[in-house]
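See below for the structure under consideration.
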Amino acid sequence: MIRALLLLLCSPAVGAGRPPPPATPRLKLAFPELRARHGLRVYELERSCCYDVLLLDEERGRLFVGAKNHLMSLSLNNISQKDRKIYWPAPVEWREECNWAGKDINTECMNFVKILHSYNRTHLYACGTGAFHPTCAFVEVGQHTEDSVFKLDLRRAEDGKGKSPYDPQHAAASVLVGEELYSGVATDLMGRDFTIFRSLGSRPSIRTEQHDSRWLNEPKFVDVFWVPESENPDDDKIYFFFRETAVERQQGLGKTSFARIGQICRNDVGGQRSLVNKWTTFLKARLVCSVPGTDGADTHFDELRDVFLLQTRDKRNPLVYAIFSTSSSVFQGSAVCVYTMADIRRAFLGPFAHKEGPNYQWVSYQARVPYPRPGMCPSKTFGTFSSTKDFPDEVIQFARHHPLMYNPVLPHGQHPIFLQANTPHTFTRIAVDRVTAADGHYDVLFIGTDVGTVLKVVSVPKESWHNMEELLLEELQIFQDSSPITSLQISSKRQQLYAGSATAVAQLPLHRCGIYGKACAECCLARDPYCAWDGNSCTRYMPNTKRRFRRQDVRNGDPNMLCSEDPQLGSVPQKKLYGVEGSSAFLECVPKSLQARVLWTYQRASSAPKREVQLDERVVRTERGILLRSVQHTDAGLYLCHATEHGFTQPLLQLLLEVIGTQQAPGLAPAGDTEPVGPPGRKVWYRDFLQLVDHPPLGAMDKVCERLWSRRSPPARRRPVLPPPLSAKARPPNWRQGEEPRKARSRRTHEAPRAERGPRNASPW
């Protein structure tokens, strides 16, 4: 861990002249902006919470949601419209019994839906905690898209033990394969008997060995998937992902959490004389996600948080994306690692872990392994056994005492594909979308955090697919209350992302191409696989359409190769600023990309050469521009703001600064006269104001004077009516600036009572 801290401290820092670190998002969008301009929709139900279970049904166009005491059916096109709800509370007697057991009746003694699967073409299968009485039921949803049925069939309700947890704070992982439910869950009220359980279907229920730390040691189940092994269904396996207290930890280090992947054969029916109604093919291996160190010590991320199975053209070899965090109080970080099924299968075909020697050290088992090899499925593909009940006793006994593999499963490339350290958030959920771009296929990662944000990340190969570059495209605040994201689902068909938290469900488009800018270079620099330049704007890239001007380069993102137009200064926006000599002036320029480096150049006159703005104590760079603390006469000129990103520089803004001297006020002194108008040493109140405006018409001065008078007058005093301004010809010979003519003063005296005029000799200024 100390090595990891040193590694982070030696990383490039953000400073003047340095590019931002790779973890900086290119765009950062807050909740109000997403809600107002970018299609963010939010759904929340009164008197409910904990929208932890999302089931995406593309055929029906519905998003099924499991929450506290409710099941919801929402439209995939717009979750805030056409919602259907089922109220599914726990019975009163169950709630009272839960309360008697010491649980809170308003927060824990409820029915929290934890399991939701498609059972067949007309029904769903749902399970909930039922106020510490797990219960399951079938939900009728209709067969066709136009069917509006959404009804809970309580007549077929059944016991949810071994399917749903008792405690709403406990997680459960399950998958429905055919008519059989495979789940990893705690099967007792106290949450101590953790098991991998198979239920439903026609075959007898089967589970892991009970109270054996070699099998499961305080596990926290994360997810479970069914992956076919070959064309023969008898070879299909179920893979469980969880984290647990490691039994092979070194002595004296206390409890250490390891990430695991476990496998079982789908056709496992238990042993004949030993392991009856227990798994005989259960094996587990460590899932490693670490950063290699130069000194040989790796920094491990062992807290497995979520897993996403990305299907490929070969259904037998999907990619496994997993997110991890650290359990250390010294080093905080999160990482994403990707695994291949070939590496997973190789670990389960390797040596078994064995405890031997005087100190009972875990070593590789080198003795003879019985046949058939433990963990192999009974099928005609790899042997002649038709059932696990036919396995010899020595195979069953070996499997019982050696469920752990010695070799771990290493990630693709031997390191994480995305990593963030010492950030104010932790990764919680992940969903991946494979996108077809002009230069290949890219996996876009949507990562949920514990502060209600979603990170949009894409991995781009540099020289080869083994050397990847991680691009953090966007950081999106999709939940206003910053509640942790507990579920993520992607609809590639509708190009939408759905997220659940403790307070609401959110829907957001996968891309916002128009926000990148209105130029080809800006669209190209974004390197978003969803977006391309079509000749007029940055729009959604469609691989099936053929357009002459469509340009996209995710791998290199080089506008010099794709964009022929050169941004001319005539097309760059120009603003004019005024600065008073001796005061401060702020030159604002904020690029769209947070990963861009801003460069300022200065030009005294149109014929003068350009030079870079030099920073010192008087000229300070900020996140939004540069600040001139004390404006000097030599600061006047043209300032040009450039953005440099990915080796490409483009002008963003021209700022023309005019400096007004304090010794001369336009319109108050004749040309060439440097002395101020008014008594020597006395500052005239309106001088700075008139320095910022050209000669206004006399009619406009009335409004200005009225505003100044209203600001200086107390709130309770009625604003007097000022006389019309006198022209130069009508002014008395002895009239001075800052003083009214005597007739005007006397006329104003008769217009208001003495109490409203204030002191006799008070000046209105």
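The values are calculated or read from the model by the stated rules, or taken from the named source; none is laboratory data. Not measured: the values here are computed from a predicted model. Note: ideal-geometry Cβ built from the backbone for every residue, glycine included; neighbour counts use all protein chains shown.
So T208 fits all but one of (1) touching a residue at least 40 places away in the same chain (Cβ under 8 Å); (2) closer than 25 Å to E158 by Cβ; (3) surrounded by fewer than 15 Cβ atoms within 10 Å (Cβ to Cβ); (4) among the hydroxyl-bearing types (S, T, Y); what number is the exception?
The single condition T208 does not satisfy is (3).
So which of E59, E93, E46 is in contact (Cβ under 8 Å) with a residue 12 or more places away in the chain and among the acidic types (D, E)?
Testing whether each residue is in contact (Cβ under 8 Å) with a residue 12 or more places away in the chain and among the acidic types (D, E) leaves just E59.
T381 - would you say it is in contact with an Asp or Glu (Cβ under 8 Å, 6 or more places away or on another chain), assigned by TED's automatic domain parsing to the domain that holds V276, crowded, with 21+ Cβ neighbours inside 10 Å and more than 20 Å from E474 (Cβ to Cβ)?
No, not satisfied.
Evaluate segment 63-77: report whether one residue or more is surrounded by fewer than 17 Cβ atoms within 10 Å (Cβ to Cβ) and either on the phi > 0 side of the Ramachandran plot or assigned by TED's automatic domain parsing to the domain that holds V224 (or both).
So far as segment 63-77 goes, no, none of its residues is surrounded by fewer than 17 Cβ atoms within 10 Å (Cβ to Cβ) and either on the phi > 0 side of the Ramachandran plot or assigned by TED's automatic domain parsing to the domain that holds V224 (or both).
For segment 243-250, state whether one or more residues are part of a loop (DSSP other than H, G, I, E, B) and over 26 Å from F301 (Cα atoms).
No, there is no match, as no residue in segment 243-250 is part of a loop (DSSP other than H, G, I, E, B) and over 26 Å from F301 (Cα atoms).
Out of F132, F112, I need the residue that is buried (at least 19 other Cβ atoms within 10 Å of the Cβ) and in contact with a helix residue (DSSP H, G or I) (Cβ under 8 Å, 6 or more places away or on another chain). Which one?
Working: F112 fails: in contact with a helix residue (DSSP H, G or I) (Cβ under 8 Å, 6 or more places away or on another chain).
Every option except F132 fails the conditions.
I'd like the residue in segment 518-534 that is among the charged types (D, E, K, R) and at pLDDT below 90 and, out of all such residues, is surrounded by the most Cβ atoms within 10 Å (Cβ to Cβ). It would help to see each step written out before you state the result.
Step one: filter segment 518-534 for residues among the charged types (D, E, K, R), giving 518, 522, 527-528, 534.
Filter once more, keeping what is at pLDDT below 90: 518, 522, 534.
Details: K518: 10, E522: 23, D534: 21.
Within segment 518-534, the match that is surrounded by the most Cβ atoms within 10 Å (Cβ to Cβ) is E522.
Looking for whichever is on the phi < 0 side of the Ramachandran plot, touching an Asp or Glu at 6+ places or on another chain (Cβ under 7 Å) and not assigned by TED's automatic domain parsing to the domain that holds D306 here; the options are E108, E140. Which one fits?
Values: E108 fails: touching an Asp or Glu at 6+ places or on another chain (Cβ under 7 Å).
The conditions single out E140.
For F240, indicate whether it is assigned by TED's automatic domain parsing to the domain that holds K380, closer than 17 Å to P408 by Cβ and in a strand (DSSP E or B). Break it down stepwise before answering.
Values: assigned by TED's automatic domain parsing to the domain that holds K380: yes; closer than 17 Å to P408 by Cβ: yes; in a strand (DSSP E or B): yes.
For F240, the condition - assigned by TED's automatic domain parsing to the domain that holds K380, closer than 17 Å to P408 by Cβ and in a strand (DSSP E or B) - is met.
Would you pick out the residues in segment 555-605 that are outside any strand (DSSP E or B), at pLDDT 85 or above and acidic (D, E)?
Scanning segment 555-605 gives a single hit, E581.
Please work out if F331 is within 39 Å of the chain's Cα centre (by Cα), crowded, with 16+ Cβ neighbours inside 10 Å and among the aromatic types (F, W, Y).
Yes: the conditions hold for F331.
Given the options R192, R198, name the one that is basic (K, R) and either surrounded by 14 or more Cβ atoms within 10 Å (Cβ to Cβ) or touching a residue at least 40 places away in the same chain (Cβ under 8 Å) (or both).
Checking each option against the conditions leaves just R198.
Just wondering, is there one or more residues in segment 467-477 that are surrounded by 18 or more Cβ atoms within 10 Å (Cβ to Cβ), over 26 Å from H415 (Cα atoms) and more than 13 Å from the chain's Cα centre (by Cα)?
no
If only one of P591, P573, P559 is under 34 Å from the mean Cα position of the chain (by Cα) and exposed (fewer than 14 other Cβ atoms within 10 Å of the Cβ), which one is it?
Numbers: P591 fails: exposed (fewer than 14 other Cβ atoms within 10 Å of the Cβ); P559 fails: exposed (fewer than 14 other Cβ atoms within 10 Å of the Cβ).
The unique qualifying residue is P573.
Every residue in segment 612-655 that is of a type in the set (A, V, I, L, M, F, W, C) and free of Cβ contacts under 8 Å to residues at least 12 places away in the same chain, please.
Residues of segment 612-655 that are of a type in the set (A, V, I, L, M, F, W, C), as a first pass: 613, 615, 619-620, 626-628, 631, 636, 638, 640-641, 643, 648, 652-653, 655.
Listed by number, the residues that qualify are V619, V620.
Look through segment 118-138, keep the residues that are aliphatic (A, V, I, L, M) and within 32 Å of the chain's Cα centre (by Cα), and return whichever of them is farthest from N99 (Cα to Cα).
L124
Only one of (1) crowded, with 17+ Cβ neighbours inside 10 Å; (2) out of contact with any strand residue (DSSP E or B) (no Cβ under 8 Å at 6 or more places or on another chain) is not met by S537, so which one is it?
(1)
Mind listing whichever residues of segment 509-534 are within 23 Å of T649 (Cβ to Cβ) and part of a loop (DSSP other than H, G, I, E, B)?
G517, K518, A519, R527, D528
For the condition out of contact with any helix residue (DSSP H, G or I) (no Cβ under 9 Å at 6 or more places or on another chain) and among the aromatic types (F, W, Y), what is the one hit in Y530, Y516, Y541, Y498?
The conditions single out Y498.
Among the residues of segment 354-411, write down those that are small (G, A, S) and in contact (Cβ under 8 Å) with a residue 24 or more places away in the chain.
S364, G375, S379, S387, A399
Which ranges mark the strands (runs of 3 or more DSSP E) fully within segment 251-338 that have 1 or more residues being assigned by TED's automatic domain parsing to the domain that holds R400 and of a type in the set (V, I, T)?
Per the criteria, 257-265, 303-310, 319-325.
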